[in-house]
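Q: I have a structure here, written as structure tokens, and I will follow up with some questions on it.
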Amino acid sequence: MSGNPRPADAQAIEEAAQRLAGGGLVAFPTETVYGLGADAASARAVAEVYRLKGRPADHPLIVHVLDAAQAAWWAHWPARAQRLADAFWPGPLTLILLRRETAPAFACGGQASIGLRAPSHPVARALLAAFAARGGHGVAAPSANRFGRVSPTRAAHVIDDLGVDAPMVLDGGPCEVGVESTIVDLSREHPVLLRPGGITPAQLEAALGEPVLARDAQAPRASGTLEAHYAPATPIELVDGDEIDRRIAALQARGERVALWARSEVGAQADSRRPMPGDPAGAAHALYDALRALDRSGCARILVERVPDAAAWHAVADRLRRAAAGSNAAAGAERANGP
Ligand code: TXA
Ligand code: MG
């Protein structure tokens with residue numbers, strides 16, 4: 001089913017919950033990005049999410065729950081999980097925990113661990129509550145974009161991306177946070193940060209009372225942690241603010257049209273330009289919408305002003321680095337394939 005997003009009123013949310021309970025898919029807003037939801041306990045529904053996203057089967061999904069009580073149905077619930085849930089749930093934090101042997105394994109690709117998150121967006125919560133009222137235990141939902149592409153932060157992005165394959169899309173307006181949740185692995189001896197997000201390691205450490213380690217080679221595979229990810233089709237280049245004017249001039253001299261996302265007042269001669277908010281939360285909120293708009297601008301290249309090297313900017317810096325790596329990888333493949 002394709003078509004227009006549906007305003008997320010009470011009736012649409014009831015209908016969406018009914019669809020989920022019947023094994024169908026629903027795209028819905030969360031405070032981070034839009035999710036492509038399915039009954040996490042239904043093998044058929046979860047398989048349909050993988051098919052529609054074009055996601056490799058060994059990349060597990062996040063199961064969205066209302067609260068710690070629902071989470072504990074899926075996973076063993078250690079004291080650390082309770083501490084983080086007390087501090088940050090509902091909110092943009094995903095916990096990787098050891099799955100209960102009795103819980104269905106479809107959503108986590110049969111792994112021993114499972115990703116769980118209680119979102120704070122009122123539409124997501126209303127949908128989860130209506131689904132729970134029909135006996136549901138959780139909604140598996142990756143970001144509602146095709147694999148490797150920019151996550152959707154508006155209902156229209158979901159339709160743009162999934163096209164005729166888009167299921168019912170609940171429209172809850174633009175996502176407030178704008179980048180995907182912070183992911184912390186609590187399934188091993190020490191807490192490990194798998195994906196930076198709006199909640200910083202310092203905040204996690206304060207709530208846990210112990211260090212959170214950086215990802216290492218033993219960390220479980222997470223597609224959001226692939227080197228090349230979150231990439232628009234147009235090549236992206238990260239450039240220091242004071243280099244931007246020169247870089248634009250060099251590219252334009254070669255006949256390339258150049259798009260720019262920058263904080264400072266540089267790059268007035270860019271062919272297409274969007275302002276980057278000067279604060280990290282504002283930049284995260286605007287990030288994917290800006291990349292999508294610049295991707296559609298018809299330019300040959302997107303230049304993005306490098307963001308400050310500060311903890312508060314890490315989530316944005318991480319997504320930009322991967323988006324740029326994605327376009328470098330694509331450019332490399334093009335070269336390898338010849339003209
Ligand atoms: O903000 C978010 O987390 C959004 C919204 C919709 O909630 N969801 C999201 O889902 O970003 P997705 O599927 O695009 O990314 C989920 C990430 C992936 O990197 C996945 O590999 C990782 O979570 N993940 C899920 N379960 C895992 C597990 N058991 N072990 C390790 N990583 C896991
Ligand atoms: Mg994703």
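Q: Using only the alpha-carbon atoms, how far is helix 10-21 inclined from the longest principal axis of the chain? Give it as 0 to 90 degrees, nearest 10.
A: It is inclined by approximately 70 degrees.
Q: So how long is each side of the range 146-278 along the principal axes, counting just the alpha-carbon atoms, biggest first, in Å?
A: Taking max minus min along each principal axis of the Cα atoms, the range 146-278 gives 55, 41, 27 Å.
Q: While we're here: So how long is each side of the chain along the principal axes, counting just the alpha-carbon atoms, biggest first, in Å?
A: Result, largest extent first: 62, 48, 38 Å.
Q: Please determine, in degrees from 0 to 90 and to the nearest 10, the orientation of helix 244-253 with respect to the longest principal axis defined by the Cα atoms of the chain, where the helix direction is its Cα long axis.
A: That helix lies at roughly 70 degrees to the long axis.
Q: Rounded to the nearest 20 debye, what is the charge dipole size of the range 1-89 about its Cα centre when +1 sits on each Lys and Arg Cβ and -1 on each Asp and Glu Cβ?
A: Computed charge dipole of the range 1-89: roughly 320 debye.
Q: At 7 Å along Cα-to-Cβ for each site, give me the label-to-label distance between E189 and A250 in nm.
A: Using points 7 Å along Cα→Cβ, the separation is 4.7 nm.
Q: Using a Gaussian network for the chain with springs between C-alpha atoms less than 10 Å apart, which of these wobbles most: C175, C108, C299?
A: Its mean-square fluctuation being the largest, the pick is C299.
Q: Here's another thing I want to ask about it. With label points built 7 Å along Cα→Cβ from the Cα atoms of A87 and R146, find their separation and express it in nm.
A: So the two model labels end up 4.0 nm from each other.
Q: Under 16 Å from the 7 Å Cα→Cβ point of R100, by amide nitrogen: which residues of the range 39-56?
A: Counting only backbone N, you get 40-42.
Q: In what sequence do F131, F106, F147 fall when counting other Cβ within 10 Å, fewest first?
A: Final ranking by Cβ density, sparse to dense: F147, F106, F131.
Q: A further question on this structure: By DSSP, what percent of the beta bridges with both residues in the chain are antiparallel, rounded to the nearest 5?
A: Of the beta bridges lying entirely in the chain, close to 40 percent run antiparallel.
Q: Say we join alpha carbon atoms closer than 10 Å with springs in a Gaussian network model of the chain; which of E256, E265, E15 then has the biggest fluctuation?
A: Evaluated over the chain, the most mobile residue of the options is E265.
Q: Say we join alpha carbon atoms closer than 10 Å with springs in a Gaussian network model of the chain; which of L213, L84, L204 then has the biggest fluctuation?
A: Among L213, L84, L204, the largest mean-square fluctuation in the Gaussian network model of the chain belongs to L213.
Q: I'd like the GluC sites (Glu not before Pro) in the range 174-204 restricted to DSSP loop residues with at most 13 other Cβ atoms within 10 Å, sorted by number.
A: For GluC sites (Glu not before Pro) across the range 174-204 that sit outside H, G, I, E and B with at most 13 neighbouring Cβ atoms in 10 Å, the list reads E189.
Q: With r as the distance between the Cβ atoms of S272 and V164 and R0 = 25 Å, compute the FRET efficiency 1/(1 + (r/R0)^6) and round to 0.05.
A: 0.35
Q: Quick one: putting +1 on the C-beta of Lys and Arg, -1 on the C-beta of Asp and Glu, what dipole do you get for the chain around its Cα centre, in Debye to the nearest 20?
A: 660
None of the figures in this text is laboratory data; all of them are computed from the coordinates on show. Nothing here was measured: the structure is a model prediction, and the numbers come from that model. Quick reminder, even Gly has a Cβ in these numbers, built from the backbone with ideal geometry, and neighbours come from all protein chains shown.
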